[in-house]
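These notes concern the structure reproduced below.
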C-alpha cells in the first residue's frame, strides 16, 4: 500500500487573539536562507540560499526527492515535500531559517520513524517543540511482516514537512496542528502498544473508580465513598433516575474511561460479573445484563468457575479462580484485558475490538450477599 501523510502548517495562538494572528500572516517576509536537516546526517536534506536551491551540500540520498511546497514561501511557509519515503528516512528533522528581520533560528523539529508492533510496520510521526512532545499523531500501517522476518516496505508517496516562520517570530504561546491520511491504509483502531507485564507496570495507568449512585439498582448498598457495593434484600431509597438499572442488580462507574487505564476489583460471595460497558447500555430487560449485548464485556466470576461473556457469547476460562481481578483498557487500540491479581499478573482473557464510545467500569451482582469493591490503588 501507499501512504501519503500530511503534517499541516502550524497555526499559532497569540496573546492578542485571532485578529492579531490574521494581521500577522498578511505581513510580507523575505527568507534569505532556509535549511532542512536530519540530526544524524552531516549534510542537508534541503538548502535554499541566495535566492535559489543549493545542491552542493545536499545529502545524496535526498537528491531529486525534496522540493518546496510553495516555492515563493508566501506567508512564511517553509514547508518541503519529501517524496518516495522509505524506512531509511526515519529520523529527526529540523528546520532553520534566516531573513532580513531575523537571525538564523530554528522553527521546529519533526521526528519520523518506523516501528514494528505485532508484526506490522508502522509509520509514526511526532512533532517536537523545545525538546518535548507537543502531540503524537498516531501510526499508520505501511506493511505487514513477511514470514522470514523481513518487511515489504513500499514507497510512501510523499511526506509534507510543514512549518511557518511566524510560529517562531510571533512569540506564540501554543500551537495547533493535525495529521491526515490522503491515500493508503489506516487501521480501524490503532494497533496496541505492548501491554504492561508486572503489576507495577499496570499501576502506572491506574484509575480510581467510584460508583455512580444514579445507575445503582435499588438492592445495591453503596459504601466507602461509593467504591464498594453490596447486594442486600432491603431496597434503598434512591431517587428515580433515567440512568438507573431497574431489573438487574448492576451499577456503572461515574468515570468514563478512555486512553490507557487500569483498575482492580475485589469480590466476595457468589457470582459477580466484572464488566466494562458503554454508558447507553440498556437499563431494562435481559438484554441489559452485562455481557448479553454488544455494548458490554463481562468476566463472570464464581467460586468454582470463570467465564467471559460478550453479546451473549460465553467463553469458559480455565484457570484458578481469583477474588481480585485487574482490568486493563487501551481504548485507542481497542484492547480490553482481564487479569488475576496475586503475587503475579495472570491473563485470564483479552479482546481486540474497536471501541466507539468511552467505557464505564461496571459490576453485576447475581445473588444477595455478593460484595464488590474497587481497590484504592497507589
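The values are calculated or read from the model by the stated rules, or taken from the named source; none is laboratory data. Here the structure is a predicted model, which is why all the values come from computation and not from measurement. Quick reminder, even Gly has a Cβ in these numbers, built from the backbone with ideal geometry, and neighbours come from all protein chains shown.
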- [ ] Identify, by number, the condition in (1) within 19 Å of residue 374 (Cα to Cα); (2) surrounded by fewer than 13 Cβ atoms within 10 Å (Cβ to Cβ) that residue 230 doesn't meet.
- [x] (2)
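Are any of the residues in the stretch 320-331 under 19 Å from residue 351 (Cα atoms), surrounded by fewer than 17 Cβ atoms within 10 Å (Cβ to Cβ) and modelled with pLDDT under 95?
Taking every residue of the stretch 320-331 in turn, none turns out to be under 19 Å from residue 351 (Cα atoms), surrounded by fewer than 17 Cβ atoms within 10 Å (Cβ to Cβ) and modelled with pLDDT under 95.
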- [ ] Go through the stretch 332-343 and count every residue that is surrounded by fewer than 18 Cβ atoms within 10 Å (Cβ to Cβ) and in contact (Cβ under 8 Å) with a residue 12 or more places away in the chain.
- [x] 2
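Among residues belonging to the stretch 62-81 that are assigned to a strand (DSSP E or B) and within 14 Å of residue 47 (Cβ to Cβ), point out the one that is modelled with the lowest pLDDT.
Initially, the stretch 62-81 is screened for residues assigned to a strand (DSSP E or B), giving 66-68, 77, 80-81.
Subsequent filtering for residues that are within 14 Å of residue 47 (Cβ to Cβ) retains 66-68, 80.
Working: 66: 82, 67: 81, 68: 78, 80: 73.
Filtering first and then ranking leaves 80.
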Open item on the list: Criterion first (touching a strand residue (DSSP E or B) at 6+ places or on another chain (Cβ under 8 Å) and at pLDDT 95 or above) does residue 215 satisfy it?
Closed with: yes
Open item on the list: With the structure loaded, tell me whether residue 305 is assigned by the TED database to the domain that holds residue 355 and more than 21 Å from residue 196 (Cβ to Cβ) or whether it fails that test.
Closed with: yes
Open item on the list: Looking only at residues that are exposed (fewer than 13 other Cβ atoms within 10 Å of the Cβ) and part of a helix (DSSP H, G or I) in the stretch 21-61, which one is modelled with the highest pLDDT?
Closed with: 60
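I'd like the full set of residues that are part of a loop (DSSP other than H, G, I, E, B) and closer than 14 Å to residue 220 by Cβ, limited to the stretch 255-279. Outline the logic, then answer.
Start the filter on the stretch 255-279 by keeping residues that are part of a loop (DSSP other than H, G, I, E, B), which leaves 255-256, 258-259, 269-271, 279.
Scanning the stretch 255-279 gives a single hit, 269.
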- [ ] Search the stretch 280-309 for residues being in contact with a strand residue (DSSP E or B) (Cβ under 8 Å, 6 or more places away or on another chain) and in a loop (DSSP other than H, G, I, E, B), and hand back the single one that is farthest from residue 250 (Cα to Cα).
- [x] 305
